[in-house]
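The values are calculated or read from the model by the stated rules, or taken from the named source; none is laboratory data. Since this is a predicted model, take the numbers as computed values, not measurements. Neighbour counts run over all protein chains shown; Cβ positions are idealised from the backbone, glycine included.
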Amino acid sequence: MVVNLLIHREYTNAHPATLIVFGDRVETKNANKPHLYGPLHPGSFDPFSKNPSIAKMFVQMGVAEELGTGIRKVFRYAKAYSGSDKVEFREEDLFVVNVPTPPTATEETPSHSEGGGTSGGINALRNYIETSPGKRTNEIAQSLSIPAKTIEKHLAKLVKSGKIQFRGSKKTGGYYVA
């Protein structure tokens, strides 16, 4: 979201770019010269770079990829990180992005005090396993861009609490299901 905010910034407009974290969502607003008006969904729009030089710099730094992948990635990972797929990209005079945030820790979710790591990370992992069962540790780590050691620690907590199960052999490789 942040890279998208910077790459697609309309620098000729005085309206400030904003990133605000609310209790239920993260929202960005950015000045825009729209090519379409209304909601955007992956595969239903033609990406257009407002700042090709800035976009190229982010690609060379390895922070961004080809044009249009930002929206696809946010839609792809929103469920795993926030527990909801209700992502909103609206192109108007202001380009608005709303991504839901995970619910706060409850009795069902492990808390920060249960031994390192955040409940958001554990919840994201649990949600990912629910939506993508049968993945191995390395596949999960790669998909979520989280170090394998962190994933292993969180998986152990989730297995111990009975929220997920390990199936298969540890020696030959197994997988996780919710």
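All but one of (1) within 14 Å of Val97 (Cα to Cα); (2) surrounded by 15 or more Cβ atoms within 10 Å (Cβ to Cβ) hold for Val21; which doesn't?
Failing condition for Val21: (2).
Of the residues that make up the stretch 20-35, is at least one outside any loop (DSSP other than H, G, I, E, B), within 28 Å of Gly121 (Cβ to Cβ), out of contact with any Pro (no Cβ under 6 Å at 6 or more places or on another chain) and without any contact (Cβ under 8 Å) to a residue 24 or more places away in the chain?
Looking through the stretch 20-35, at least one residue is outside any loop (DSSP other than H, G, I, E, B), within 28 Å of Gly121 (Cβ to Cβ), out of contact with any Pro (no Cβ under 6 Å at 6 or more places or on another chain) and without any contact (Cβ under 8 Å) to a residue 24 or more places away in the chain.
Would you mention how many residues in the stretch 16-26 are under 22 Å from Arg76 (Cβ atoms) and either touching a strand residue (DSSP E or B) at 6+ places or on another chain (Cβ under 7 Å) or not assigned by TED's automatic domain parsing to the domain that holds Asp85 (or both)?
4
Among residues belonging to the stretch 75-104 that are surrounded by fewer than 19 Cβ atoms within 10 Å (Cβ to Cβ) and among the hydroxyl-bearing types (Ser, Thr, Tyr), point out the one that is modelled with the lowest pLDDT.
So, considering only residues that are surrounded by fewer than 19 Cβ atoms within 10 Å (Cβ to Cβ) and among the hydroxyl-bearing types (Ser, Thr, Tyr), the one modelled with the lowest pLDDT is Thr104.
Mind checking which residues of the stretch 132-166 are surrounded by fewer than 12 Cβ atoms within 10 Å (Cβ to Cβ) and in contact (Cβ under 8 Å) with a residue 12 or more places away in the chain?
Residues satisfying the conditions do not exist here.
Which count do you get for residues in the stretch 7-22 that are at pLDDT 85 or above and under 19 Å from the mean Cα position of the chain (by Cα)?
The total comes to 5.
Only one residue in Ser44, Ser53 is farther than 15 Å from Phe89 by Cα and of a type outside the set (Asp, Glu). Which one? Please lay out each step first, then the result.
Values: Ser44 fails: farther than 15 Å from Phe89 by Cα.
Answer to the selection: Ser53.
This table checks each residue for (1) more than 17 Å from the chain's Cα centre (by Cα); (2) assigned by TED's automatic domain parsing to the domain that holds Tyr81; (3) surrounded by fewer than 16 Cβ atoms within 10 Å (Cβ to Cβ); (4) more than 19 Å from Val2 (Cβ to Cβ).
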position: Thr28; (1), (2), (3), (4): no, yes, no, no
position: Ala31; (1), (2), (3), (4): yes, yes, no, no
position: Pro34; (1), (2), (3), (4): yes, yes, yes, yes
position: Pro39; (1), (2), (3), (4): yes, yes, yes, yes
position: Asp46; (1), (2), (3), (4): yes, yes, yes, yes
position: Ile54; (1), (2), (3), (4): yes, yes, no, no
position: Met57; (1), (2), (3), (4): yes, yes, yes, no
position: Gln60; (1), (2), (3), (4): yes, yes, yes, no
position: Glu65; (1), (2), (3), (4): no, yes, yes, no
